[in-house]
Structure formats: structure tokens, C-alpha cells
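What follows is a single structure, written as C-alpha cells, with notes after it.
Any read-out appearing in this document is the output of simple, stated calculations on the displayed coordinates, not a laboratory observation. No experiment lies behind these values; they were computed from the predicted model shown.
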Amino acid sequence: MLFNRTSKETAEKKAGIFERMKKALGTTKENLVSRIEAVLASKPVIDETVLDDLEGTLLQADLGVRVTDRVMEAVRLQHKKQLLSTPDDAKQEIRKELLKILEAGSTRGFAANSASPQVWMIVGVNGTGKTTTVGKLAARLSQDNRKILVCAADTFRPAAIEQLTVWAERSGAELIKSRSGIDPSAVLHDALSAASSRGMDVVLIDTAGRLHTKSNLMLELEKMRRVAGRKVPGAPHEVLLVVDATTGQNGLAQAQEFMKATGITGLIVTKLDGTAKGGILFSICQDLKIPVRFIGIGESLEDLLEFSPESFVDSLFT
Ligand code: GDP
């Protein structure tokens, strides 16, 4: 659990969060689970034709080839053992395998809360929702009585700095920013000095998503990592990659690029509301084996949920 909560709060929040997640994932559910149910209901018995149709459905739902192969292998094995007597048995087998995929990505714990300040870099391509997510995280962590400092290090985009100023004001977080065009590492340096002297708990760093070339971007992020490590022992404690679910399999390709260059520790998948492509989350976990930490389900400050594999799968399958 990343945030402090009492058990009563936890129970109430869990129920509300589950309903919100279910609503946000409605279109993905239709694209994935409703179509699985339709295929399974198309014939009185599960035979090779049904299994082939099932495979096609999983592929079309943005699960990707490797997830589809893995799920179908499990389903076919159960079918061979004659353990799939009803459509629901097959559906539960798919659910079970998808949950295993998400859980395998989530085994590593979140950075320990002992180091102070905790330094989290938020990285990703422009437009994925980085700046919005930094604002949402600042709001969420501030509500938890943590002292938050936001560092506006996307100095290439004046609009991002303006946007962060508004989010920081709304969430009560402190903000360190500079004129646009300044070296992002210089802003980061100032932010980390301020965070240490002001006794901040968490520093959230909004980074640039576009430089002239991809290699420049990766070099810039690498430089920021070094600066962070020199200023605060063990920093950055988390490097969270923001992936836009609406981009489907392209999001996976982007994640692979960032993985190679920046040592991602976790993912934040945004815009799961209103997209049919939420299945990408399984594909990313299967291929990258990094945990999803949060999901974005809307444009408001409160539309960021802590990720739980079980709730995610349940909200699709119930
Ligand atoms: P950045 O360029 O990566 O910093 O992206 P922004 O934070 O500026 O976000 C780009 C757009 O995506 C904005 O219009 C946001 O309101 C929107 N956005 C961000 N997260 C979500 C989300 O979870 N759901 C929806 N529907 N929109 C989002």
C-alpha cells in the first residue's frame, strides 16, 4: 500500500474505487470480455472452431501475440484434460491466466518510504498524460499529509510549467520552476536542494517528452538521474513511465525504448477511461515484467487509482 489509510477508510474507499474503475473500463470490457462471452456462447460445446475464434478475439482486443499465445495454451490444456465443461469454465481459465500475468509484474515492492526526500521521476512521450499525472500524484500524496514538492523540469514546454503551477496550487504542493529553455538538470538541482532544506517527503519530477531526437531525450533523462543521485542518496527512488492506453501496441513499443535507456521501475497507464484498448496493460506486463503502479481514469485530480491486479481483472470479468 502506498498511501496511509485507516481500515474503515480502506473498506469504504475500496468499494468506491472498484465502482469507478469498473465504469472507466466499460469499453475495454465490451471489447474483450463481452466478445469472449459471445464466442463461448456461439456453440453448445467448446470445440476447435470456438478455440480458434477465441484466439482471434484476444488478438483483436490489443492483448498482443504473446499474451494471446499464453492464455490460449492454458485454455487448450484445460480443454484437452476435459476440464472445460461450461463456457464459464473457459472464461474463468482466461481470467486466471490474465491475473497471473499482472501479478508476475507486480512482485517488486514500491520504493521504501524511509529515504527522505523520496525522489520520483515521471517520464514518457509528450501527450501521454505526464504533467496531469504529476498533478494527480501531488494531490493524492498531499491528502495523505506528505509534504510534496513538484519540480517542473519539462522546461521545453511553457504550457507544461503553467499547467503544473495550477495543479500544484490546487493540491497544496510546493513547486520549483524556471524560465522555459533552461537546462532541466539545473531546475532539478535547485528543486532537490529546496526539498532537503524544507524537509519535503516526496519530490515529483515532471520531465520533457520530446527533444530534437530520441537519443537526446534519453541522454537528458540519464543526466537527470545522475544529478538526482548526487544530491539525494539512492535517488531517483522511482522512475515511473507514463503510457497512454489509447495508443495500444504503440505504447508497448515506447515503453521498450524507455526501458532500455532509463531503468524504469514502474508504469502509470493513463486514459483507460473511454478506450477499448485497455488490454494493452496485459501485454506490457507480460513483455516488460515491470509493475503497473497507478492507472489514470479521467482528467480530474482524483482520477488516479493505485493499481491492484485483482481489482483490475475483477472489474473486467464481473
Ligand atoms: P504530457 O504531455 O505527457 O505532460 O500530457 P498532459 O498531462 O499534458 O496530458 C495530455 C492530455 O491527456 C490532457 O488533455 C489531459 O487532460 C489528458 N489526460 C491525462 N490523463 C488522462 C486520463 O487518465 N484520462 C483522460 N481521459 N485524459 C487524460
Identify all lysines with a Cα-Cα distance to residue 177 below 26 Å; exclude those on the same chain that are fewer than 8 residues away in sequence. 130, 136, 147, 214, 223, 231
Of 22/80; 81/260; 14/43; 91/289, pairs whose Cα-Cα distance is over 31 Å: 22/80; 81/260; 14/43
For the chain, give me the percentage of DSSP beta bridges that are antiparallel, rounded to the nearest 5 percent. 10
Any idea what diffusion coefficient the stretch 138-263 gets from Stokes-Einstein, in µm²/s, Kirkwood Rh on alpha carbon pairs, 20 °C, 1.002 mPa s? 141
Kindly state, as a whole number, the per residue volume in cubic angstrom of the convex hull around the alpha carbon atoms of the stretch 217-263. 65
More than 17 angstrom separation, counting every C-alpha pair in the stretch 83-217; what % is that? 64
Between residue 266 and residues 5 or more places away or on another chain, the pairs with built amide H atoms under 5 Å apart involve 239, 241
Inverse of mean 1/r across different Cα pairs in the stretch 231-318, Kirkwood, Å: 13.6
Measuring from centroid to centroid over Cα atoms, what is the spacing of the stretch 270-309 and the stretch 157-229 in Å? 24
Checking the a/c ratio against 1.5 first, then a/b against b/c, what shape does the Cα gyration tensor give for the chain? prolate
Before rounding to the nearest 500, sum -39500 (n - 2.57) across all DSSP H runs of length at least 4 in the chain and divide by the residue total; then give [θ] at 222 nm in deg cm²/dmol. -17000 deg cm²/dmol
Figure the gain on full extension for residue 166 and residue 210 (residue separation times 0.36 nm, minus the Cα-Cα span) and round it to one decimal in nm. 13.6 nm
Percent of beta bridges antiparallel (DSSP, the stretch 183-311, rounded to nearest 5): 25
